[in-house]
Amino acid sequence: MKLNHANNMVLHTALKYFNSVSGKLGQGASLKPHILTTNVEHDAILLPLKHYAAEQLAEVDFVPVSMSSGQILIEEIEKLIKPNTCLVTVMLANNETGVIMPVAEISRKIRKLNEIRQKEGLCRILLHTDAAQAIGKISIDVEELGVDYLTIVGHKFYGPRVGALFVKEMAEHSTPLYPMFFGGGQERGLRPGTENTPMIHGLGCAAELVSQNLQKYQETMKNTRDLLEKLLIVEFGENIIINCDTAMRLPNTSSVSFRKTAMTGGEILSRCPNLMASTGAACHGTGKPSAILMASGVSCEDARSAVRLSVGRDTTSSEIEQIVQMLKVALKRD
């Protein structure tokens, strides 16, 4: 399973679930399912939901994150919940800024709302989080998060490029899951096709390494990322900003914007041939200022010169110094 498949399966399930129960609950067969998400989600969530909205299959609200921190505010989600709301999907951590979202707090609020909604005969609100960017960097406990669905992908934590979907209490059938494809009995009849055993095994091995070594990985990446940001500030001073640094962030991710330059982030990186980095989400590549950064309170000018730098488990202090020098040389040529 790919990450996109897993996310689409959750969204598909939310629509099917609402349509199956709305009549029974007296909400009316003509009422459309309502889904809430943030305005900084990955395209694996944003684009399917925009498609549903365009096809009039669902009502969708994209809840704005804080313009000061890039973090979603629970009260903003609450404001937009409707009687026909059937799903809230919020990423665990943003792939561009590294900002960690308060998913556990959102879950607690949704659970309380669901208790009230059950008494009122309203549809249960399901909760999903795309944890692709967070796994391998911070501790993830699905019980603590309290979500109904959680999606991951292996290549984000040194595993194979294969995804997985966690479904809460699936064995008891208390959380709905509907197939999107048909043609075989594999995976409990939910996803036909011969399983990719080597990649599944690889995903399990990568997850096992994370379970055994997370604290060490996390501390190493944070120390390295902090060193990178410290040296960048020493070198560039007021001409650099660390985007969304007031929020809790992943320990490996740093989005930085360079000021007093006419170059875009892409042009800066083009002058650093030995630096593997991006200007935003690696799968976008539009050349435009990042909509995610601007939605998170970064000005258009600063988003234009932004570069996303990520460190790994084995990134060294010597490599960090080389990165800073490469960026220094690139910007001097402006």
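The values are calculated or read from the model by the stated rules, or taken from the named source; none is laboratory data. This one's a predicted model, so the numbers in the text were calculated from it and none came from an experiment. Heads up, the Cβs are rebuilt from the backbone with ideal geometry, glycines too, and the neighbour counts pull from every protein chain shown.
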TODO: Please verify whether region 34-47 includes one or more residues that are free of Cβ contacts under 8 Å to residues at least 60 places away in the same chain, buried (at least 19 other Cβ atoms within 10 Å of the Cβ) and of a type outside the set (A, V, I, L, M).
DONE: yes
TODO: Scan region 300-334 residue by residue and report those that are buried (at least 21 other Cβ atoms within 10 Å of the Cβ) and part of a loop (DSSP other than H, G, I, E, B).
DONE: 305, 311
Open item on the list: Just to be sure I understand, how many residues within region 265-279 are of a type in the set (A, V, I, L, M), out of contact with any Phe, Trp or Tyr (no Cβ under 7 Å at 6 or more places or on another chain) and touching a residue at least 24 places away in the same chain (Cβ under 8 Å)?
Closed with: 3
Open item on the list: Between a residue in region 244-264 that is part of a strand (DSSP E or B) and at pLDDT below 95 and any residue that is crowded, with 22+ Cβ neighbours inside 10 Å and among the acidic types (Asp, Glu), which pairs come within a Cβ distance under 7 Å, given they are 6 or more apart or on different chains?
Closed with: none
Task: Of the criteria (1) assigned to a loop (DSSP other than H, G, I, E, B); (2) surrounded by fewer than 21 Cβ atoms within 10 Å (Cβ to Cβ); (3) of a type in the set (Gly, Ala, Ser), which one residue 237 fails - done: (1)
TODO: Identify all residues within region 24-67 that are of a type in the set (S, T, N, Q), at negative phi and modelled with pLDDT of 95 or more; write none if there are none.
DONE: 37, 38, 39, 66
Open item on the list: Given the criterion within 23 Å of residue 296 (Cα to Cα), crowded, with 17+ Cβ neighbours inside 10 Å and touching a residue at least 24 places away in the same chain (Cβ under 8 Å), identify the matching residue among 94, 84.
Closed with: 94
Task: residue 203, sole failed condition from (1) farther than 27 Å from residue 318 by Cα; (2) surrounded by fewer than 18 Cβ atoms within 10 Å (Cβ to Cβ) - done: (2)
- [ ] Determine which single condition residue 111 fails, assuming it passes every other condition in (1) in contact with a Gly (Cβ under 9 Å, 6 or more places away or on another chain); (2) part of a loop (DSSP other than H, G, I, E, B); (3) over 30 Å from residue 216 (Cβ atoms); (4) of a type outside the set (A, V, I, L, M).
- [x] (2)
- [ ] Find the residue count for region 241-256, including only residues that are small (Gly, Ala, Ser) and surrounded by fewer than 23 Cβ atoms within 10 Å (Cβ to Cβ).
- [x] 1
TODO: For region 172-207, name all the residues that are in contact with a Lys or Arg (Cβ under 7 Å, 6 or more places away or on another chain), without any contact (Cβ under 8 Å) to a residue 60 or more places away in the chain and among the aromatic types (Phe, Trp, Tyr).
DONE: 181
Task: Hits in region 60-81 - residues which are charged (D, E, K, R) and surrounded by fewer than 17 Cβ atoms within 10 Å (Cβ to Cβ) - done: 75, 76, 78, 79
- [ ] Name, by its number, the condition in (1) within 22 Å of the chain's Cα centre (by Cα); (2) touching a residue at least 60 places away in the same chain (Cβ under 8 Å); (3) farther than 22 Å from residue 11 by Cα that does not hold for residue 144.
- [x] (2)
TODO: Filter region 232-250 down to residues that are on the phi > 0 side of the Ramachandran plot and not hydrophobic (A, V, I, L, M, F, W, C), then give me how many there are.
DONE: 1
Open item on the list: Residues to consider are 223, 252, 243, 239; find the one that is of a type outside the set (A, V, I, L, M, F, W, C), assigned by TED's automatic domain parsing to the domain that holds residue 327 and over 25 Å from the mean Cα position of the chain (by Cα).
Closed with: 239
